[in-house]
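Colleague: Structure in structure tokens, see below.
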Amino acid sequence: MKILGNIIWLIFGGLLIAVEYVIASFFLMITIIGIPFGIQTLKLALLSLWPFGNKVVETGSSGGCLSIVMNIVWIVIGGLGISLTHLFFGILLCVTVVGIPFGKQHFKMAALALTPFGKSVVSA
């Protein structure tokens with residue numbers, strides 16, 4: 001069922017979301033300061049390609065206070081908008097019974113988009 005869900009996800013917008021994240025990552029990585037933020041958008045692109053069967057986990061305190069500061073900068077610069085967009089689509093998809101699994105994937109992406117530093121995407 002995960003493979004079927006991922007194929008449907010890709011056809012109906014997952015591929016487009018991934019391409020948008022990769023393009024944004026490219027533009028962020030042009031500057032040295034933007035490289036950490038570009039890496040986080042690549043993490044979002046990876047999750048948007050194959051969300052069913054993947055989960056977001058905390059990596060521990062490997063970043064320490066730096067990951068907290070970077071998450072705050074991320075939220076201010078655009079992470080809040082990205083997260084709210086995924087939250088909106090998650091709610092919209094959960095209105096129908098058929099869309100609930102896809103809405104859950106948007107909720108997962110909204111959580112990652114809000115605070116991506118200190119988290120990683122792993123196969124479940």
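The values are calculated or read from the model by the stated rules, or taken from the named source; none is laboratory data. As the structure is a computational prediction, the values presented were derived from the model and not from experiment. Glycine gets a Cβ as well: all are built from the backbone with ideal geometry, and neighbour counts include every protein chain shown. Accessible surface areas use protein heavy atoms only, side chains included; no ligands, DNA or RNA. Shrake-Rupley method; radii C 1.70, N 1.55, O 1.52, S 1.80 Å.
Colleague: For the residue pair residue 73 and residue 96, what label-to-label distance in nm results when each label sits 7 Å from Cα along the Cα-to-beta-carbon direction?
Modeller: Using points 7 Å along Cα→Cβ, the separation is 4.2 nm.
Colleague: At 1.4 Å probe size, with every protein chain present, just tell me what the per residue accessible area of the chain comes to in Å².
Modeller: Values: 7290 Å² over 124 residues.
That works out to 59 Å² for each residue.
Colleague: How much length would be gained if the chain were fully extended between residue 120 and residue 2, taking 0.36 nm per residue of separation minus their Cα-Cα distance, in nm to one decimal?
Modeller: Values: separation 118, 0.36 × 118 = 42.48 nm, distance 1.97 nm.
Value of the extension gain: 40.5 nm.
Colleague: Follow-up. Taking just the alpha carbons, could you work out the radius of gyration and Dmax for segment 3-124, both in angstroms?
Modeller: Expressed in Å, the Cα Rg and Dmax of segment 3-124 come to 14.2, 45.
Colleague: Rounded to the nearest 500, what is the 222 nm mean residue ellipticity of the chain from helices alone, with -39500 (n - 2.57) per DSSP H run of 4+ residues and division by all residues? Spell out each step's value before the answer.
Modeller: On the way: 6 runs with 77 residues, N = 124.
So the calculated ellipticity at 222 nm is -19500 deg cm²/dmol.
Colleague: Note down the nm distance, to one decimal, between modelled labels 7 Å out along Cα→Cβ at residue 23 and at residue 57.
Modeller: Result: 3.4 nm between the two label points.
Colleague: Per-residue counts of other Cβ atoms within 10 Å, averaged by peptide: what ranking do you get for 39-51, 5-17, highest first? Intermediate values should be presented prior to the final figure.
Modeller: Values: 39-51: 20.8, 5-17: 15.3.
Listed from highest to lowest mean packing, they are 39-51, 5-17.
Colleague: Here's something else I'd like to know. What does the net charge come to around residue 46 if you take all other residues with beta carbon closer than 14 Å to its beta carbon, with K and R at +1 and D and E at -1?
Modeller: Counting the neighbours of residue 46, the net charge comes to +3.
Colleague: Accessible area of the chain with a 1.4 Å probe: how many percent of it is carbon plus sulfur?
Modeller: Working: 5890 of 7290 Å².
Answer for the chain is 81 percent, counting heavy atoms of protein chains only.
Colleague: Taking amide hydrogens as modeled 1.01 Å from N in the peptide plane, which residues meet the under 5 Å criterion relative to residue 54, leaving out close sequence neighbours?
Modeller: The list, which skips near neighbours in sequence, is 124.
Colleague: Output ³J(HN,Hα) for segment 4-10: one whole-Hz value per residue in order, computed from phi by the Karplus curve 6.51 cos²θ - 1.76 cosθ + 1.60 with θ = phi - 60°, and x for Gly and Pro.
Modeller: 4, x, 5, 5, 4, 4, 4
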